[in-house]
Amino acid sequence: MNIVVLVKQVPDSSAERSLRAGDNTVDRGSASNVINEMDEYAIEEALRVQAAHGGEVTILTMGPQGASESIRKALSMGPDRAVHVLDEALHGSCAVATSKVLAAALGTLNPDLVLCGAEATDGRVQVMAHMLAERLGIAALTGARKLTVDGASLTIERQTEEGFEVVAASTPAVVSVWDTINEPRYPSFKGIMAAKKKPVQTLSVADLGIAASEVGFAGASSVVVQHSKRPPRSGGRKVADEGDGGVKLVEFLASEKFV
Amino acid sequence: MAEVLVVVEHSGGEVKKVTLEMLTLARELGTPAAVVLGGPGVAAPLTEKLGEFGAATVYAAESEDLDGFLVAPKAAVLAGLVRSVQPAAVLLGSTQEGKEIAGRLAVKLDNGLLTDVSGLDADGVATQVVFAGSTIVKSRVTRGLPLVTVRPNSLTPTPAPASVRVSAVDVVVEQSAKLARVLERKVEPKGARPELTEASVVVSGGRGVGSGDNFKLVEELADLLGGAVGASRAAVDSGFYPHQFQVGQTGKTVSPQLYVALGISGAIQHRAGMQTSKTIVAVNKDAEAPIFELADYGVVGDLFKVVPQATEEIRKRK
Ligand SMILES: Cc1cc2nc3c(=O)[nH]c(=O)nc-3n(C[C@H](O)[C@H](O)[C@H](O)COP(=O)(O)OP(=O)(O)OC[C@H]3O[C@@H](n4cnc5c(N)ncnc54)[C@H](O)[C@@H]3O)c2cc1C
Ligand SMILES: Cc1cc2nc3c(=O)[nH]c(=O)nc-3n(C[C@H](O)[C@H](O)[C@H](O)COP(=O)(O)OP(=O)(O)OC[C@H]3O[C@@H](n4cnc5c(N)ncnc54)[C@H](O)[C@@H]3O)c2cc1C
């Protein structure tokens, strides 16, 4: 089975994140940059499918030069190789343009199975799997908490607002995973050493047959016109429980008309 | 005035609150028209409520094909409708399904898409709150019509009765949209509590609650306040409470009138899901817990003493 895992580098969600003053894009210098957490679950799932069914696992990333660090980290978990779409023209890409680029790159890789995270912690747009499936004319199974592969047939279980559902499709398909699906492995020392020698292919948008004007700021379908820091919430009253903390709490709730 | 299409979120034959919010918002932009996508007979029980909140037209697209597959058929029908009615804007709920339909629609129409929108001006400028609630972004679609997903609890829905015209939409779904078949759909009993993302009061428990059994304390307080129950990731990972109730970066985003955090430290990823709540109250035994930095009212104390006393006090006052 030929598997491609989408990996996005994002600013660490436990740090203070910002947009840049000039062009309203993510300030990659303000927080350390890491693999989008849910993508680690996608990598783990790919390695499990590979262990059971054979084949190759390729990491696909679209992102700036610095993203190569996350690519090496991803490879150290065990995948065989990586493709990095790297091009100045991509700066400022909206989700629609991102999906165009990733779909074109997937087209050159011919995967049976595309695995990705259910959402990225920075944009949280939560649409990539369906956008890619729409462009490639293949199925999307999203938000998987369990994936079963049986030959060419894929079955997932996913949480819904009401409960859960079981959904099936045939390969090729895009499957996005939630962080409930598995427990990602830590790279071993051997894995880290091996990752240094694994092939990473760099592609420009021109290599993918896409014009620079279709991506980045030039091709954006939406634009951020302005951003500002939300005034931080200031803590209000804080009282120590002296045996009447519960009553005091209710007094506050009553003063705000919640009781 | 041009129509504004509102894709209806519904569950168990009832219109969800976010839909009423979207209809309220749509009135500022044009004439609201509701779009119901689902199996045969799905639209009828929803129509009256939709009219009450200003839908002049209900586009009813009903077919087994819309129910038996993931969102691709719904996106296909909606794309057809957008092409024929040329609306001023399309609004969907910022839920998993709403976003997924919107994503496919954006690709089909080569149209921009804005997600998690909490406000939309008549001139198409949207407000998004990003990065764990720390940053406010104003943005607009520059290619195509304003296609946005609206975050639940972004505004107060107000009725504006309209006489509804129901218009049946022809549903023709290509084989290529029927690739992800739903084999089974399990509805878990949700009880009497309001839905987490729509509730006006949310009471959440964290690792400090200590066990699944102890979550009864959280539930009891939630029930007395007419609220929903939430949980931190640590509580979910420890098996105290089911995953669908997780609040935060990788869980639900809630924006209630009142958020009560019990035994939750207030990690940035938890804040990501609750920071825009109107009033925040916390009980934590650690006076230095970061949750107190955003709490309007905080009690430093043992939740096993404070919470039972609070529930008793509320009962007394009722
Ligand atoms: C704060 C913020 C808000 C934004 N809001 C919008 C918006 O409303 N509309 C809009 O069009 N764009 C928006 N963007 C831009 C958007 O995030 C990027 O275009 C992004 O590459 C695609 O969206 P996502 O990562 O949020 O996708 P999601 O659908 O959340 O990501 C799901 C998965 O797709 C894969 N993936 C996503 N991007 C890449 C990549 N570059 N390389 C490899 N794999 C990837 C990963 O596996 C990821 O887990 C926003 C960006 C930020 C920082
Ligand atoms: C990418 C990523 C995504 C994440 N997504 C989420 C998410 O969606 N939601 C989320 O919640 N977290 C998320 N996290 C985890 C987050 O970083 C924290 O680990 C988590 O929120 C901690 O949960 P907690 O506050 O319940 O536990 P802790 O941090 O352990 O806090 C427990 C608190 O309970 C207090 N306490 C203990 N006993 C008592 C008592 N008897 N009475 C009163 N107080 C008591 C303690 O003082 C402490 O402050 C994410 C992390 C990452 C890296």
Qualifying residues in the stretch B:263-276 (those that are of a type in the set (A, V, I, L, M, F, W, C) and more than 10 Å from chain A (Cβ to nearest Cβ)) - the one farthest from ligand 1 (Cβ to nearest atom): B:ILE264
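The rows are residues; the columns are (1) more than 8 Å from chain A (Cβ to nearest Cβ); (2) open to solvent by 10 Å² or more (accessible area, probe 1.4 Å).
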| residue | (1), (2) |
| --- | --- |
| B:VAL90 | yes, no |
| B:GLY103 | no, no |
| B:GLN128 | yes, yes |
| B:ALA132 | no, yes |
Options B:LEU303, B:LEU258, B:LEU294; residue that is within 11 Å of another protein chain (Cβ to nearest Cβ), within 19 Å of the chain's Cα centre (by Cα) and among the aliphatic types (A, V, I, L, M): B:LEU258
Residue satisfying condition, being among the small types (Gly, Ala, Ser), open to solvent by 60 Å² or more (accessible area, probe 1.4 Å), within 30 Å of B:VAL299 (Cα to Cα) and more than 7 Å from chain B (Cβ to nearest Cβ), within set A:SER234, A:SER213: A:SER234
Selected residue (criterion: farthest from ligand 1 (Cβ to nearest atom)) from residues of the stretch A:1-32 that are within 19 Å of the chain's Cα centre (by Cα) and within 30 Å of A:GLY55 (Cα to Cα): A:ILE3
Filtered residues of the stretch A:216-231 (kept if more than 8 Å from every other protein chain (Cβ to nearest Cβ) and surrounded by 14 or more Cβ atoms within 10 Å (Cβ to Cβ)): A:GLY216, A:PHE217, A:ALA218, A:GLY219
Residue that is surrounded by the most Cβ atoms within 10 Å (Cβ to Cβ), among those in the stretch B:148-181 that are hydrophobic (A, V, I, L, M, F, W, C) and within 9 Å of chain A (Cβ to nearest Cβ): B:ALA180
Filter result for A:LYS257 (within 22 Å of B:ILE280 (Cβ to Cβ), open to solvent by 50 Å² or more (accessible area, probe 1.4 Å) and facing another protein chain (nearest Cβ under 7 Å)): no
Test set (1) surrounded by fewer than 20 Cβ atoms within 10 Å (Cβ to Cβ); (2) under 17 Å from A:ASP207 (Cβ atoms) - A:ALA82 fails condition number: (1)
Entirely in the stretch B:105-199, the strands (runs of 3 or more DSSP E) that have 1 or more residues that are among the hydroxyl-bearing types (Ser, Thr, Tyr): B:114-120, B:126-130, B:135-141, B:147-150, B:165-168
Some residue of the stretch A:190-200 being within 13 Å of ligand 1 (Cβ to nearest atom) and either in contact with an Asp or Glu (Cβ under 9 Å, 6 or more places away or on another chain) or not in a strand (DSSP E or B) (or both): no
Hits in the stretch A:122-143 (condition: closer than 16 Å to B:PRO73 by Cβ and crowded, with 24+ Cβ neighbours inside 10 Å): A:HIS130, A:ALA133, A:GLU134, A:ALA139, A:ALA140, A:LEU141, A:THR142
Members of the stretch B:105-126 that are on the phi < 0 side of the Ramachandran plot and facing chain A (nearest Cβ under 7 Å): B:ALA106, B:VAL107, B:LYS108, B:ASN111, B:GLY112, B:LEU113, B:LEU114, B:THR115, B:VAL125
Residues satisfying the stated conditions in the stretch B:138-163, i.e. modelled with pLDDT under 95 and within 16 Å of A:GLY123 (Cα to Cα): B:ARG151
Hits in the stretch B:182-201 (condition: away from every other protein chain (no Cβ under 13 Å) and loosely packed, with under 14 Cβ neighbours inside 10 Å): B:ALA192
Which listed residue, of B:THR311, B:THR279, is among the hydroxyl-bearing types (Ser, Thr, Tyr), more than 16 Å from ligand 1 (Cβ to nearest atom), over 16 Å from A:GLY235 (Cα atoms) and at pLDDT 95 or above: B:THR311
Residues of the stretch A:144-167 that turn out to be of a type in the set (Val, Ile, Thr), open to solvent by less than 10 Å² (accessible area, probe 1.4 Å) and more than 7 Å from every other protein chain (Cβ to nearest Cβ), as a count: 1
Residues (β-branched (Val, Ile, Thr) and more than 27 Å from A:LYS146 (Cβ to Cβ)) located in the stretch A:1-50: A:THR25, A:VAL26
Restricting the stretch A:225-243 to residues that are modelled with pLDDT of 95 or more and in contact with a Lys or Arg (Cβ under 7 Å, 6 or more places away or on another chain), the residue that is nearest to B:VAL306 (Cα to Cα): A:ASP241
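The values are calculated or read from the model by the stated rules, or taken from the named source; none is laboratory data. Keep in mind that what you see is a predicted model, and the values were worked out from it rather than measured. Note that each Cβ is placed from the backbone with ideal geometry, even for glycine, and that neighbours are counted across all protein chains shown. SASA here: full protein model, heavy atoms, side chains in, ligands and nucleic acids out. Shrake-Rupley method; radii C 1.70, N 1.55, O 1.52, S 1.80 Å.
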